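Asks: Dumping the structure here so I can ask a few things about it.
The values are calculated or read from the model by the stated rules, or taken from the named source; none is laboratory data. In this text the structure is predicted, and so the values were computed from the model without any measurement. Cβ: placed from backbone, ideal geometry, glycine included. Neighbour counts: every protein chain shown. Areas reflect the complete protein model, heavy atoms only, side chains present, ligands, DNA and RNA absent. Shrake-Rupley method; radii C 1.70, N 1.55, O 1.52, S 1.80 Å.
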Amino acid sequence: MDALELLLNRVSCPVLEGPAPNPEQLDLIYRAALRAPDHGGLKPYRFLQIEDSGRERLGALFIEAARIENPNATQAELNKLGQNPLRAPMIIVAIASLSEHPKVPKSEQRLTAGCAAHGLLLAAYAQGLDAIWRSGPMAFNPQVMQGLGLDAHEEIIGFIYLGQSKKRRLASCPAVGEFVRLWGKA
């Protein structure tokens, strides 16, 4: 796939089915993520790959975390949370692994981790796979972070759902002029 075609046409696909990416596709997906711009070469990110029964375990973790956070959660709300990880055959949890550095602030390290996650999405789409980057309350929940084994200096920046879309949406793009302004020209 041509690089500009990829950049101009990638879309998020919320409903995904199998098959999950195969090992060769995953290798390219992770290699693309490792090419993220990275001031200081810190590689301030890592990934957890969740598939098969791991998705059910993640759903159970979501339910447990929600019960702790909101003891009044309804059964319907808990059921929905438990089903969320089953919306795709594979989930990659993108994690920012932040460190103290004299020249690279944590905010810049988060951006690098975000670029790595975006690289995952682009590499998946380039190989004919579909994906969506999701966050939501569970991405920021301390019990979820603990249950996934994150250290105190780490944060979830997103759950990347991967698979095949039943129906790929058409890419739409707002007018560039809505987001770009010329500055400094006399």
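Asks: What ³J(HN,Hα) values, in whole Hz, does the Karplus curve 6.51 cos²θ - 1.76 cosθ + 1.60 give for the range 60-71 when θ = phi - 60°, with x put for Gly and Pro?
Replies: 5, 5, 4, 5, 4, 5, 5, 5, 5, 5, 9, x
Asks: Mind giving me the nanometre distance, one decimal, between the label points for Phe140 and Glu77, set 7 Å out from Cα along Cα→Cβ?
Replies: My value for the distance between the label points is 1.6 nm.
Asks: Tabulate in residue order the Karplus-calculated ³J(HN,Hα) for the range 85-93, using 6.51 cos²θ - 1.76 cosθ + 1.60 with θ = phi - 60°, rounded to whole Hz; enter x for Gly and Pro.
Replies: These are the phi-based 3J(HN,Hα) values: x, 8, 6, 7, x, 8, 10, 10, 8 Hz.
Asks: Now a separate question. Once the piece of chain linking Arg168 and Glu51 is laid out straight, how much longer is it, given 0.36 nm per residue of separation minus the C-alpha distance between them?
Replies: 39.9 nm
Asks: Right, another one. Report ³J(HN,Hα) in whole Hz for each residue of the range 40-49, in order, from the Karplus equation J = 6.51 cos²θ - 1.76 cosθ + 1.60 where θ = phi - 60°; Gly and Pro get x.
Replies: Values per residue, Gly and Pro as x: x, x, 7, 6, x, 7, 7, 9, 10, 9 Hz.
Asks: Right, next: With an 8 Å Cα cut-off and a minimum separation of 6 or more residues, compute the relative contact order for the range 20-165 in percent.
Replies: Relative contact order here is 35 percent.
Asks: Please report, as a whole percent, how much of the solvent-accessible surface of the chain comes from carbon and sulfur atoms (probe radius 1.4 Å).
Replies: 56
Asks: Return the inverse of the average 1/r over all pairs of distinct C-alpha atoms in the chain, which is the Kirkwood hydrodynamic radius, in Å to one decimal.
Replies: Over the chain, the inverse of the mean reciprocal pair distance is 17.9 Å.
Asks: So if we plug the beta-carbon distance of His101 and Val180 into 1/(1 + (r/R0)^6) with R0 = 41 Å, what FRET efficiency do we get, rounded to 0.05?
Replies: About 0.80, to the nearest 0.05.
Asks: Then there's this: Report the net charge of residues surrounding Val93, where surrounding means a beta-carbon distance below 14 angstrom and charges are Lys +1, Arg +1, Asp -1, Glu -1.
Replies: 0
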